[in-house]
Amino acid sequence: MALTELWKTAQKEICEKHIQQVIGFAGDGKLRDGGSASKEFREFLALVPSSSLSRYASECLNDKFDNGGFALQDVINEVGKRLGFRVEQGRYRGTAGEIGFDGLWIAPDNNALVVEVKTTDAYRVDLGTIAAYRRNLIADGRVKETNCSILVIVGRSDTGDLEAQVRGSRHAWDIRLISIDGLLRLMQLKEELEDPRIMDKIRRVLMPQEFTKVDGIIDLVFSTAEDVKQEELAGEVDDDEGDHRKPKFTPVNFRAACAARVQEHLGQPLVKRSFAVYSSPDENLLTICINSREYKKANSSGYWFAFHPHQRDMLANHKKAFVALGCGSKESILLIPAPDFVPWLEKCHKTELEDRFYWHIRITKDKDGYVLLVKKGAERVRLNEFLLK
């Protein structure tokens with residue numbers, strides 16, 4: 001049985017396995033360039049949560065086993081995908097006529113990273129060989145010299161010797177280093193954020209930069225803090241009777257539970273990409289999961305969601321997309337296809353701040369079911385048909 005099928009039928013059991021055991025279930029159990037085991041293993045990694053990727057990386061570093069370095073290379077390339085890069089898998093072993101990089105990561109702005117994965121810096125790294133990979137990729141027209149650099153990813157956080165080696169080489173301006181732990185922390189940070197502009201800044205941290213002026217780093221820190229706070233912002237809401245009030249918004253997070261129900265309903269594995277975004281491994285299907293606590297009223301319940309322009313843009317960029325509104329708990333989810341949801345935004349109130357705005361998605365539930373509340377003069381939208389059973 002293929003690894004992906006095992007994931008569907010015995011997810012808990014396969015998650016508990018050591019990475020060496022997982023590889024044993026793939027193909028012939030041997031990681032080889034172009035082999036069936038490698039293909040199955042990489043497809044499996046695209047399904048698992050980021051916590052599993054972190055554990056697998058640790059097992060590759062701390063437990064010696066055959067092809068552990070190859071497995072680590074695949075895990076790190078999957079982390080690159082989770083960071084939003086388009087990843088070209090490298091080779092496990094060098095061969096004549098092939099460029100021997102471990103991975104080629106292309107950012108959405110087309111900046112490229114030639115990735116080299118090392119389990120340790122205990123041995124001197126041949127920087128000239130890695131630089132030759134970059135030159136050959138440039139010569140082949142696969143990347144441009146002006147926006148291609150090298151990222152060496154090392155299993156240890158204490159990389160003093162390797163840092164000194166890079167600084168003393170003629171390749172210093174083209175190479176950056178990061179520990180595997182640091183890379184995994186970036187992945188975890190990305191999953192707690194939502195603004196694509198901040199995600200772009202996170203990716204740029206991995207590329208050579210001139211740090212005499214540190215404004216860019218300060219900007220990233222403040223942008224990250226601001227993005228986290230956005231879920232707690234509630235602008236003034238105008239209801240249909242003209243009443244002005246600010247809902248006492250208490251952040252709730254049962255997104256993972258909502259995503260699990262949506263995954264089951266759609267019959268499609270969903271992988272967390274950011275704070276509220278889940279997508280299929282091939283990213284053809286996207287779901288934005290947002291939650292609200294329940295606001296009790298005399299004869300009804302109310303729910304409030306913030307919806308942002310970049311989330312609307314994400315819906316437009318996918319062949320199949322949904323908005324999942326968790327109304328008070330995972331038991332009450334409205335799963336709305338993007339073509340239905342997006343036109344409603346024009347009917348919704350919005351809060352405009354100095355540098356951004358967001359829509360208020362306000363829903364009430366009474367004896368007749370769920371209704372989207374809209375601006376005065378617009379027709380309310382009945383939502384009962386979208387409730388997951």
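Readers should treat all values here as calculations from the given coordinates under stated rules, not as data from a laboratory. Everything numeric in this text was worked out from a predicted model, so none of it was measured. Positions of Cβ are generated from backbone atoms using ideal geometry, with glycine treated the same way; all protein chains shown enter the neighbour counts.
Annotations for the structure displayed:
- Its residues counted as N, the chain yields a C-alpha radius of gyration over 2.2 N^0.38 Å of 1.11.
- Put a dot 7 Å past the Cα of His310, heading toward its Cβ, do the same for Arg356, and the two dots end up 0.6 nm apart.
- Scattering curve values for segment 38-100, log₁₀ I(q)/I(0), Debye with Cα scatterers, q = 0.15, 0.27, 0.30 Å⁻¹: -0.48, -1.26, -1.38
- For Asn299 and Arg380, a Förster radius of 22 Å and the Cβ-Cβ distance give a FRET efficiency of 0.85, rounded to the nearest 0.05.
- FRET E, pair Ser169, Glu43, Förster distance 35 Å, beta-carbon r, rounded to 0.05: 0.40
- In plain terms, the chain from Lys347 to Arg91 could stretch by 86.9 nm, reckoned as 0.36 nm per residue minus the Cα-Cα distance.
- Based on DSSP H segments of at least four residues, each scored -39500 (n - 2.57), the chain has a per-residue ellipticity at 222 nm of -10500 deg cm²/dmol.
- FRET efficiency estimate (nearest 0.05) - Cβ-Cβ, Ala132 to Glu13, R0 51 angstrom: 0.70
- With θ taken as phi - 60° and the Karplus curve 6.51 cos²θ - 1.76 cosθ + 1.60 applied, the whole-hertz 3J(HN,Hα) list for segment 196-208 is x, 5, 6, 4, 5, 5, 4, 4, 5, 4, 7, 10, x Hz, x standing for glycine and proline.
- Of Lys330/Lys389; Lys12/Lys319; Lys81/Lys144; Lys347/Lys376; Lys81/Lys190; Lys8/Lys330, those spanning more than 19 Å from alpha-carbon to alpha-carbon: Lys12/Lys319; Lys81/Lys144; Lys8/Lys330
- In a fully extended conformation the segment linking Glu331 and Arg32 would gain 103.2 nm over its present Cα-Cα distance, using 0.36 nm per residue.
- Amide N proximity, segment 14-56 versus Asn284 label position 7 Å along Cα-to-Cβ, cut-off under 14 Å: none
- Antiparallel DSSP beta bridges within the chain, as percent of all bridges there, nearest 5: 65 percent
- Taking only the Cα atoms of segment 1-121, the ratio Rg/Rh comes out at 0.96, with Rh defined as the Kirkwood radius.
- Sequence ranges 141-153, 325-337, ranked by mean other-Cβ count within 10 angstrom, highest first: 325-337, 141-153
- Whether segment 113-202 is rounded, prolate or oblate, judged on the alpha carbon gyration tensor where a/c under 1.5 counts as rounded: oblate
- Of all DSSP beta bridges in segment 269-331, antiparallel share, percent nearest 5: 45 percent
- For the residue pairs Lys17/Lys64; Lys272/Lys320; Lys297/Lys350, the alpha carbons lie more than 18 Å apart in Lys297/Lys350.
- Electrostatic dipole magnitude of the chain [Cβ: Lys, Arg +1; Asp, Glu -1; Cα centre; debye, to 20]: 380 debye
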